[in-house]
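Working notes, structure below.
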Amino acid sequence: MTTSSSERGVSLGMPQLPAPGYPDDVRERLERDAREVIARYPDSRSALLPLLHLVQSEEGHVTRTGMQFCADVLGLTTAEVTAVATFYTMYRRKPSGDYQVGVCTNTLCAVMGGDAIFEELQEHLGVGNGETTDDGKVTLEHIECNAACDFAPVVMVNWEFFDNQTPASAKRLVDDLRAGRDVEPTRGARLCTFKETARILAGFPDERPGAVEESGSAGPASLVGLRLAKGETAPARVVHPRDGGPHDEPQGRTVHEPSPTEHLSSHDAPQKTSASDPAHPAGPVAEEGE
C-alpha cells in the first residue's frame, strides 16, 4: 500500500515563477557595464564572479533577477549561476545593511577577544549572526580569518580593517555607523556603502577623490618580517620584564641594538633547536621501520 505526499506530510507546493526582469533602463545600464566586464576575459564565463558583484551593487544582495541577468549575458543556465552565488559567502542572498560588520572569530582573534566582541555586539544591536538592524544600517556576522592576525582582534566593515578592537570600541563603531557619523578605518580607504563596495569589487574604479591613494596600505606590524628579511635594523629598544612596568635605566647602561634576525618580543624568546642544542637534535628518534 502506498501513501500520498499529503499523507506523508510533504507539501510539494506550486512551482516557483520565473524571476522578474529588471526595468528597461536598469537592464540597459547593467548590460553596458556587463559588456565592459566581459571584455576583460578571453572566456566570457570567467566574468561570472565580477558580474555577481555588479548585480549585488544594484540591490544590495544577489537576487533571482540578478542571477537570471548573469545567466542571460553569459549564456549560462541559472543553475550554473546559482551554484556559484551560493558557494561564496561574499554574495548576499537576502537584503542586508549598508554596512556589513564582520567580527573575526577565528582562532587568534577569538582568544584575543573576538568572541567577546561578537557576543556583545549581538546583544547591543539586538540581532543574531547574519541579521540586520531594524534601521537597515548594519548587518552583523562572524567571519573567518582576514589575514590580519598581527592586529587581533579585527573587525571589518565592508571589507575595510578596524584593528585591535575591544567590545567597547566595537560598540562605538556600530553606533557611529547607525548615526551616520564619519568613521575612519584603521588603514585603507574611507568607508563607502556595501553597494558601492560591490561595484568596486566588480572592477569599476573608485571615483571618490583621494580614495585610491588611501587604499592598499599595510600596517607596520605586517611589515616587520619583510624589513628584517631585507636586513634592515630595527630601531633601538629595551624590552622590560613582563612582570613589571617600565623602569628607569641605570646611568651608563647601553641600549641593546637588535640584529636583523633577532626576535623583538620579550614573550617570543627563541627556543632550543637541533642547531643550538646538539644534545637534543631534531628528526626521527628511530630508524625507519623500527
- Item | Point-to-point label distance, Thr107-Asp24, nm (Cα→Cβ direction, 7 Å offset) | 5.9 nm
- Estimated vicinal HN-Hα couplings, Hz - region 62-71 in sequence order (Karplus 6.51, -1.76, 1.60; Gly, Pro = x): 8, 8, 4, 5, x, 5, 5, 4, 4, 4
- Output the direction-averaged projected area (hull surface divided by four) of the convex hull of the alpha-carbon atoms of region 97-192, in nm². 5.2 nm²
- On full extension of the chain, what length is gained from Glu144 through Ala39, given 0.36 nm per residue of separation minus the C-alpha to C-alpha distance? 34.5 nm
- Of the convex hull drawn through the C-alpha atoms of region 44-88, the volume per residue in Å³ is 60 Å³
- Task: Roll a 1.4 Å probe over the protein heavy atoms and report the accessible area of Met90 in Å², nearest 10.
- Result: 60 Å²
- Message: Cut-off 20 Å, label point 7 angstrom out along Cα-to-Cβ of Arg208: give me the residues of region 51-88 whose amide nitrogen falls inside.
- Response: 53-61
- Counted charge near Leu173, where neighbours are those whose Cβ lies closer than 13 Å (Asp, Glu -1; Lys, Arg +1): -2
- Message: Net charge within 9 Å of Gly219 by Cβ-Cβ distance, Lys/Arg positive one each and Asp/Glu negative one each, not counting Gly219 itself?
- Response: -1
- Item | His53, His124, ranked by accessible area, largest first (probe 1.4 Å) | His124, His53
- Cβ-Cβ cut-off under 13 Å around Arg93, Lys and Arg +1, Asp and Glu -1: the net charge is +1
- Message: So if each residue of separation counts as 0.36 nm, and I subtract the Cα-Cα distance between Asp134 and Thr86, what length gain in nm does that give?
- Response: 14.8 nm
- Message: Could you give the length gained by full extension between Gln122 and Arg93, i.e. 0.36 nm per residue of separation minus their alpha carbon distance, to one decimal place?
- Response: 8.4 nm
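The values are calculated or read from the model by the stated rules, or taken from the named source; none is laboratory data. Please read all numbers here as calculations on a predicted model, not as lab measurements. A quick note on method: Cβ atoms are made from the backbone with ideal geometry, for glycine too, and the neighbour counts reach across all protein chains shown. Heads up: the accessible areas ignore ligands, DNA and RNA and are worked out on the full protein's heavy atoms, side chains in. Shrake-Rupley method; radii C 1.70, N 1.55, O 1.52, S 1.80 Å.
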